[in-house]
1. Do any helices (runs of 4 or more DSSP H) entirely within region 386-485 hold 1 or more residues that are touching a strand residue (DSSP E or B) at 6+ places or on another chain (Cβ under 7 Å) and touching a residue at least 60 places away in the same chain (Cβ under 8 Å), and if so, which?
2. So for region 1-15 (the condition being at pLDDT 95 or above and in a helix (DSSP H, G or I)), does at least one residue qualify?
3. Taking residue 144 as meeting all but one of (1) assigned to a helix (DSSP H, G or I); (2) in contact with a helix residue (DSSP H, G or I) (Cβ under 6 Å, 6 or more places away or on another chain), write down the number of the exception.
4. Considering (1) surrounded by fewer than 19 Cβ atoms within 10 Å (Cβ to Cβ); (2) in a helix (DSSP H, G or I), say which one residue 96 fails and leave the rest.
5. Residues that are surrounded by fewer than 18 Cβ atoms within 10 Å (Cβ to Cβ) and under 29 Å from the mean Cα position of the chain (by Cα): does region 400-422 have at least one?
6. Which one of these is surrounded by fewer than 19 Cβ atoms within 10 Å (Cβ to Cβ) and either at pLDDT below 95 or out of contact with any strand residue (DSSP E or B) (no Cβ under 9 Å at 6 or more places or on another chain) (or both): 38, 89?
7. Tell me which residues, restricted to region 406-427, are out of contact with any helix residue (DSSP H, G or I) (no Cβ under 7 Å at 6 or more places or on another chain) and more than 22 Å from residue 349 (Cα to Cα).
């Protein structure tokens, strides 16, 4: 029986590719909207800015609690708004849906560009390696963050530069790459200009075409960027001065560098950064051993596409390697070029039965075995045993991982594709057993914020002076009220409701209606009405 099964898979290798694609959907969509907005991330910021645009009717000027928000241009908020409008709701699922859809499109883009040079198999593997990297699969793929969408478009710009350079079509190269840069600038600001500038400068200097950077085609591309960004800021200027806009965009980039953190943190980061990246892109980071393979530079020199991918990776990552406050999500666009290079090295080494490919395959086998073992205690642990049908789910996870591990061992030619399927099965197990225990931690804060909106009915609710709040709390309160939750520093009234940090006023100064807590603090916040004497005293000041 085993021989028949193995013969079938050897004759039909497409099965594992199809299985991997099918597995993407339960892995990425299961429990996507299960958790309340994730308070320790930037997800609440994305959600509150988009919601306030809808509630205020102003889609040009980003705000948080009614005050100007300068850190990011608004394009990604417009994308969220589009999904909200199409879905007809403001659910967590809808907020995160763009991330999953754009991740799949990112994978498709990687596949389409890599296959042009190395065929469908390597194109598929590079795309799936990226999607199943630890940081993406078990964190960023289920949070409503900007970075996957931004990285997808920046990577596309890299590939556009190479593709049209090969064709010597400089007009298309500069126009399309700057059009993409305009879009990414409208998402995240200056980082998009840095990626574009470094890539063009390094690539054209390497090809001894520096003068092309002073061509009319390049200036046309720059003009497109200025026209698109300038048009937005001209519209923005109708509502608010630009004084703080550009200084904030610059400070957002500068604050992550040595200028802000000093030499000790800088030197420490130089050594810790590679280890952090190895951890975040585990288990595929094992492929980094090919940097030490004899003939590495000769392989690069012999293949222009590999060389381009290496240059994109190494020269762009220097900025983040030397910036103490860098997060993996800032450089997602640099890892498909790296994986393109390393996957090529893997197959080249395996063709000669090299030691490096065997190290990689045995390492990944160990991860598969750990995946089998991980299923065993899930129904038994207090933290995960309460999950519905825990024994059935654990049995499915154990069985699928065991079968995939056996096939991985037997079918050498399909090992990376089978391992991808194993990673997606582990993500399904993560959805089943790891996400549900987190539910209450976030839900209690969501319910407290929604209750804060409910108890105020149709009355006006304001944040009292500078009472502490969090973006997720403001989002849920504003969602419940269908009004922007704003700060109020004067003209207080006994008729209005106030979101109060009780450290601002003594207990006898107000009537408390509802207590709730912020995610990061034990100090309870309150929904109150101010007493008459309190209002009189406050309005005198």
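The values are calculated or read from the model by the stated rules, or taken from the named source; none is laboratory data. Computed from a predicted structure; not experimentally measured. Because the Cβ atoms are built from the backbone with ideal geometry, glycine has one as well, and the counts that use them run over all protein chains shown.
1. 439-455, 471-481
2. No; the residues of region 1-15 include none that is at pLDDT 95 or above and in a helix (DSSP H, G or I).
3. (1)
4. It fails just one condition, (1).
5. no
6. 89
7. Of everything in region 406-427, just one residue is out of contact with any helix residue (DSSP H, G or I) (no Cβ under 7 Å at 6 or more places or on another chain) and more than 22 Å from residue 349 (Cα to Cα), namely 406.
Okay, residues lined up against (1) part of a loop (DSSP other than H, G, I, E, B); (2) in contact (Cβ under 8 Å) with a residue 24 or more places away in the chain:
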site	(1), (2)
86	no, no
89	yes, no
109	no, yes
112	no, no
115	no, no
122	no, yes
125	no, yes
